[in-house]
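Right, one structure below, let's go through it.
The values are calculated or read from the model by the stated rules, or taken from the named source; none is laboratory data. Just so it is clear, the structure is predicted and the values come from calculations on it, not from any experiment. All Cβ positions, even for glycine, are placed from backbone atoms using ideal geometry, and neighbour counts span all protein chains on display.
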Amino acid sequence: MRVKISAVIISFNEERDIRRCLESLLGVADEIYVLDSFSTDKTEAICRELDVRFEQHVFDGYVAQKNRATGRASFDYILSLDADEALSESLKAQVSRLKEEWTHDGYIFNRRNSWCGRWMKFTTLYPDKKLRLFDRRKARWCGLDPHDFVRMDPGSKISRVHGDLLHWAIHTLQEQQEKTDQFARISARSYFDRGIKSRRTSALGHCVWRWFREYCIHLGFLEGQAGWQIARFSALYAWKKYCYLRQLYESQH
C-alpha cells in the first residue's frame, strides 16, 4: 500500500537548527507542516523560504502542541520530528521505502544524539529509541511535559526501522546546564499539576539511580569525560526536579 506522509514539526525560535531539519525532509515527505509558537527570530522566514506549510498557535505544553500539530496535518501518516533533528541519508531511504510498502501502524527509529559536538555511542543517548512514524488514527501523543511520547492503540503493529534519526541535542556545557534547570522546572510543574508528591528521599534516590543508569548500566564510562558529564547532568536533573516539586507544595502553605 502506497501512502502519503505529513512531516510535522513544532517550533519556537529554532533558526539555528530548523533549516537542516526541513531540508532533510525534502523529497521524502508529501507535506511539511510546522506549527510555531510565535517565534521572534528567523524561524518563520526560513520556513517560508522553503515553502513549507506554516501556522502559529500559542504554546500550551509539548504534549498538547504536538497533538494539535498532528491533528492539523493533511495526511493520516505522520512523520514527527523536532526542529533540532534531521533524517540521516539511510533513514531517508528507509522512510521512502515505507511509503511504498506500509505494513505496520507505527515505526520506531534509533535516535543518535550529538552532545557538545560528539556523536554518542553509549549512555541513554544511543540508541535512543523513538516512535516517530505512525498512523495518527491509531496513535496519540502522551506523557508528562517535557517528556512526550507516542502511544499506539492496543493491538497496533509496530516495527523498528534501520537508520538513525540525528539529533543535535546539546552544543555546549552552558546549554546543558540551562536545559537541565528548564526541564526540571517544567517536569516538576507537570508532577505538581497531576498531584504527584515528592518524599524527602525522592530527590536523593532518583539522583543516585540516574547517575548509575547512565554511567554504569548504559556504559557511559566508555565515553570518557563526556560520559561522566552526561551522568552528572542526568543526576542533577533528577535532584532539581524533586527539589522544585517539593518547593511547589511548600508554597501552598
Picking from Ser6, Ser11, the residue that is more than 24 Å from Phe183 (Cα to Cα), surrounded by 14 or more Cβ atoms within 10 Å (Cβ to Cβ) and not hydrophobic (A, V, I, L, M, F, W, C) would be Ser6
Taking region 238-253 and keeping only residues that are charged (D, E, K, R) and free of Cβ contacts under 8 Å to residues at least 40 places away in the same chain, one is left with Glu250
Of the candidates Leu133, Leu98, the one satisfying the condition of being under 14 Å from the mean Cα position of the chain (by Cα) and either touching a residue at least 40 places away in the same chain (Cβ under 8 Å) or more than 15 Å from Ile32 (Cα to Cα) (or both) is Leu133
When region 152-168 is checked residue by residue, the ones that are surrounded by 14 or more Cβ atoms within 10 Å (Cβ to Cβ) and closer than 26 Å to Ile196 by Cα are Met152
Scanning region 49-94 for residues that are free of Cβ contacts under 8 Å to residues at least 24 places away in the same chain and assigned to a loop (DSSP other than H, G, I, E, B), the one surrounded by the most Cβ atoms within 10 Å (Cβ to Cβ) turns out to be His57
Arg72: passes all of (1) within 21 Å of Arg151 (Cβ to Cβ); (2) modelled with pLDDT under 95 but (2)
